[in-house]
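What follows is one structure encoded as structure tokens, with my remarks underneath.
We did not get these values from a lab; they are worked out from the coordinates using the rules stated. From a predicted model like this one, the values you see are computed outputs, not experimental measurements. Backbone-built Cβ (ideal geometry, glycine too); neighbour counts: all protein chains shown.
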Amino acid sequence: MTRPGEQSVRVAVIGAGAIGRAVIGALQAGRLPGVEPVGVVDDRRTGDLGLRQISLAGAMERADVIVECAGRTVIAQSGPAILDHGVDLLVTSVGALCDPDVAAALDTAGPGRYLITSGAVGGLDILTAAAAQAPFDRVGVTTAKLPATLVQPWMDAAAADRLRRTTEPVEIFRGDAARATRLFPRSLNVAATVGRAVGDIGLVEVRLLADPEAALTRHVIEAEGPCGSYRFEIANLPSAQNPRTSGVVPHAVLRSLSVLVGQPRGVI
Ligand SMILES: NC(=O)c1ccc[n+]([C@@H]2O[C@H](COP(=O)([O-])OP(=O)(O)OC[C@H]3O[C@@H](n4cnc5c(N)ncnc54)[C@H](O)[C@@H]3O)[C@@H](O)[C@H]2O)c1
């Protein structure tokens, strides 16, 4: 409930896909008290969401906070303008920050703030704390997904078909986050988020496995440094709406939003 004298925080959402729809549904249901959903931005017709579809310019005028659940091009093309307009931005397409130019443009924009949701990954709190004590020496993120979700437009038909039909796990990429983001742009959100948590995206070695048995999307995060050694293994159920996205992500976005609007609950 909004306390007397407090104004509600006006929130617009960009992207009414697997994540955005669930976020909008929760906001419409009043799951975050004191948050008023003011509109949804999408480059396709959103249909009946019970929330009016508005332009990005309209969202920047009406909202205190914009929640991005659309794609990395939105962050690259519109993120700095949103912040310069004085609107806060919650970023879900964190892979966009693997591009140093995009990261620099966001870092220098304002007075709006940008924050990154934890999304599909956890353990970021202790990685951030340890990196503040001393830089890590080694950080790795290994992601195993269903092969079809890793097929890319640049693959030729034979390679894409081989990947779809593989009967055993195959490593399809190993290297730094910058290269991975160019080749597998939709599979880099977790590596980029870990990179931000440890304060150096260039430190993250990325491994991508295509695993036909990966009913759950698995991420293994390993970090070693003077402060300690950390290993987290996460297995998320893919979203029924979009198998490239984990079903937990909209709930992580709502949790991040509750912190951003000053209403944290439980463990922070
Ligand atoms: N941080 C994480 O851990 C994490 C996890 C999963 C997905 N993601 C990212 O979140 C984003 C959304 O994922 P999703 O599964 O909901 O995707 P989705 O494809 O189901 O939905 C995306 C929606 O955004 C809209 N959209 C795309 N480009 C747009 C633009 N330029 N302007 C306005 N609307 C636009 C689409 O029309 C669609 O409705 C993706 O970038 C994905 O990579 C992040």
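A few comments on the model shown:
- Within the range 68-112, the set of residues being away from the ligand (no atom under 13 Å from the Cβ) and in a strand (DSSP E or B) comprises D88, L89.
- Scanning the range 146-167 for residues that are closer than 25 Å to V248 by Cβ and either touching a helix residue (DSSP H, G or I) at 6+ places or on another chain (Cβ under 7 Å) or loosely packed, with under 12 Cβ neighbours inside 10 Å (or both) yields P147, A148, L150, V151, Q152.
- All of A192, A214 fail the test of being within 16 Å of the ligand (Cβ to nearest atom), surrounded by 22 or more Cβ atoms within 10 Å (Cβ to Cβ) and either assigned to a strand (DSSP E or B) or small (G, A, S) (or both), apart from A192.
- For G86, the conditions (1) out of contact with any strand residue (DSSP E or B) (no Cβ under 6 Å at 6 or more places or on another chain); (2) buried (at least 22 other Cβ atoms within 10 Å of the Cβ) are fulfilled apart from (2).
- Matching residues, the range 60-73, being on the phi < 0 side of the Ramachandran plot and surrounded by fewer than 24 Cβ atoms within 10 Å (Cβ to Cβ): M60, E61, R62, D64, V65, A70, T73
- Selected residue (criterion: nearest to L257 (Cα to Cα)) from residues of the range 10-23 that are crowded, with 21+ Cβ neighbours inside 10 Å and over 16 Å from the mean Cα position of the chain (by Cα): V11
- Residues being in a loop (DSSP other than H, G, I, E, B), in contact with a Gly (Cβ under 6 Å, 6 or more places away or on another chain) and within 16 Å of L254 (Cα to Cα) - total across the range 24-56: 0
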